[in-house]
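The next block holds one structure in the form of structure tokens; read it before the comments.
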């Protein structure tokens, strides 16, 4: 958590705040942050920012305003959000400013003195300068659906990565970028297939249905405002009740701990197929 839908929602939120605030004059980290990335990017002047997302990844592009008119100065900040990373906006005169800044470990300060921040209580979020997306992650099931589908279809019966239980396969970010714990449970529950059978055992029609369901569940979660589970809350203040009504499996039905140590939720009718190495603790 957060997964694909939540990351895209945060990207949208960043771009909305930018459309209201305009420009930024400083980027800094909190005094307690251990991230070593140098944030002194521009000498003088102000900059604009734009957020893009791809599956569970976020890229924030900074572009200097002014300076050398013959050369556009841009830098890209690759952000991973960890377990609880979330973006928030707080005005300089807000009574909650100090409370927010306590856990705001990456801070963009606007020319008006307001803050757009990465709020992260657990401090698992990281950032670094990069030129491109992580090569170890696949295409986005929501915004790059055709590439996502083609990547899966062309590799399904060629790669050993698919010779694992389907519930584990959906956590493989090389092919299912952005699919996490709650999404895999909801996707497989709606498909109504044995989630413990190996991916390599699926029929062509089941593979096709799985690919479609990945897109549909991610889309639904995004439209409904994301999964406001545990530490993540929609930065727009959207009520999470409709999303909770949409969830039919995660945190509700039977569960088991898979061999990666993650708890997987599923319909109890599939219990007879649970692999021996799984734990029901």
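What follows draws every value from the coordinates through simple rules; no lab data is involved. All values derive from a computational prediction rather than experimental measurement. Every residue, glycine as well, gets a Cβ built from its backbone with ideal geometry; the counts of neighbours run over all protein chains shown.
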Hey, any idea what Rg/Rh is for the range 4-129, computing Rh the Kirkwood way over Cα pairs? 0.94
The chain, relative contact order in percent, only Cα pairs under 8 angstrom and at least six apart counted: 19
Under 18 Å from the residue 34 label point (7 Å along Cα→beta-carbon), backbone N, the range 75-94: 80-85
Using a ≥ b ≥ c from the Cα gyration tensor of the chain (square roots of the eigenvalues), is it rounded, prolate or oblate, where a/c under 1.5 gives rounded and otherwise the larger of a/b and b/c decides, a/b for prolate? prolate
Explain nothing, just the number: relative contact order of the range 145-273, from Cα pairs under 8 Å at least 6 residues apart, as a whole percent. 24
With 0.36 nm assigned to each residue of separation and the Cα-Cα distance removed, residue 23 to residue 150 gains 41.8 nm
Any idea what angle helix 181-191 forms with the longest principal axis of the chain, computed on alpha-carbon atoms, 0 to 90 degrees, nearest 10? 40
Per the helix-only calculation at 222 nm, which mean residue ellipticity applies to the chain, given -39500 (n - 2.57) for every DSSP H run of n ≥ 4 and division by its residues, nearest 500 deg cm²/dmol? -8000 deg cm²/dmol
Note the full-extension length gain between residue 135 and residue 257 as 0.36 nm times their separation in residues minus their Cα-Cα distance, in nm to one decimal. 41.1 nm
Quick one: Cα convex hull volume of the range 1-67, Å³ per residue? 108
Round to the nearest 0.05 the FRET efficiency obtained for residue 203 and residue 160 when R0 = 22 Å and r is the Cβ-Cβ distance. 0.70
Which FRET efficiency value, to the nearest 0.05, is calculated for residue 12 and residue 212 with the Förster distance at 25 angstrom and r the Cβ-Cβ distance? 0.55
Bins of 5 Å from zero: percent of alpha-carbon pairs in the range 145-273: 2, 10, 21, 24, 19, 13, 7, 3, 1
